[in-house]
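K.L.:
Can you read through this structure? Questions will come right after.
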Amino acid sequence: MIEWQDLGKLFIGIGTVIVAVGVLLLLADRVPSVGNLFGWFGKLPGDISIKRDNFSFFFPLGTSLLLSVVLSLLFYLIAWILRR
């Protein structure tokens, strides 16, 4: 059973990683070659985009599915490595 202290440390670690990724994404626009790496993000086939005169709707279905698969594989590999 996981103790509360270990769970707290885990949440702090996950939060730190999320903040680091956020900072990197913010800084990616300032570096010319890195800013274009994420140009495809939100423009995959399956992403729904509706633009009218006074209305716009965007639902990144294809991007969400791709991120779900990639993160599932990543977490599976991390769990597999930690079990060994």
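The values are calculated or read from the model by the stated rules, or taken from the named source; none is laboratory data. From a predicted model like this one, the values you see are computed outputs, not experimental measurements. We place every Cβ from the backbone using ideal geometry, glycine too, and count neighbours over all the protein chains shown. These accessible areas exclude ligands, DNA and RNA; they are computed on the full protein's heavy atoms, side chains included. Shrake-Rupley method; radii C 1.70, N 1.55, O 1.52, S 1.80 Å.
K.L.:
Over the chain, average the accessible area per residue using a 1.4 Å probe and give it in Å², no decimals. List each step's numbers first, then the result.
P.N.:
Working: 7790 Å² over 84 residues.
Counting only protein heavy atoms, the per-residue value for the chain is 93 Å².
K.L.:
Taking 0.36 nm per intervening residue step and subtracting the Cα-Cα distance, what contour gain separates Ile50 from Leu71 on full extension? Kindly include the intermediate steps, with their values, before the conclusion.
P.N.:
Working: separation 21, 0.36 × 21 = 7.56 nm, distance 2.76 nm.
Here the segment from Ile50 to Leu71 would lengthen by 4.8 nm.
K.L.:
Output needed: percent of Cα pairs per 5 Å distance bin for region 8-65, bins running from 0 to the one holding the longest distance.
P.N.:
4, 16, 13, 14, 19, 18, 11, 4, 2, 0
K.L.:
Based on C-alpha coordinates, I'd like the Rg and Dmax of region 37-84, in Å.
P.N.:
15.9, 57
K.L.:
Run the numbers for Ala20 and Phe59: contour at 0.36 nm per residue of separation, minus the present Cα-Cα distance, in nm. Numbers along the way, then the final one.
P.N.:
Values: separation 39, 0.36 × 39 = 14.04 nm, distance 2.58 nm.
Extending this stretch completely gives an extra 11.5 nm.
K.L.:
On a 0 to 90° scale, report how tilted helix 61-83 is relative to the longest principal axis of the chain, with both axes built from alpha carbons and the result rounded to the nearest 10.
P.N.:
10 degrees
K.L.:
At 222 nm, what value in deg cm²/dmol follows for the chain if DSSP H runs of at least 4 each add -39500 (n - 2.57) and the sum is divided by all its residues, to the nearest 500? Intermediate results must be reported in sequence, preceding the final value.
P.N.:
Working: 3 runs with 52 residues, N = 84.
After summing the helix terms and dividing by residue count, I get -21000 deg cm²/dmol.
K.L.:
Follow-up question, since we're still on this one. Quantify, in whole percent, the carbon and sulfur part of the accessible surface of the chain (1.4 Å probe; protein heavy atoms only). Spell out each step's value before the answer.
P.N.:
Values: 5560 of 7790 Å².
Carbon-and-sulfur percentage of accessible area, whole number: 71.
K.L.:
What is the calculated FRET efficiency for Trp4 to Ile78, with r their C-beta to C-beta distance and R₀ = 30 Å, to the nearest 0.05? Can you show the working numbers first?
P.N.:
Numbers: r = 22 Å, r/R0 = 0.74.
That gives a FRET efficiency of 0.85.
K.L.:
Round to the nearest 10 and report in Å² the accessible area of Val31, as given by a 1.4 Å probe over the protein chains' heavy atoms.
P.N.:
70 Å²
K.L.:
Normalised by the residues of the chain, what does the relative contact order come to in percent, with Cα pairs under 8 Å and at least six apart?
P.N.:
On the way: 36 pairs, mean separation 12.9, N = 84.
Worked out over the chain, it gives 15 percent.
K.L.:
For Asp29, tell me the accessible area in Å² from a 1.4 Å probe, rounded to the nearest 10.
P.N.:
130 Å²
K.L.:
Roughly what angle does helix 4-28 make with the longest principal axis of the chain, taking Cα atoms, 0 to 90 degrees, to the nearest 10?
P.N.:
Once rounded, the angle reads 30 degrees.
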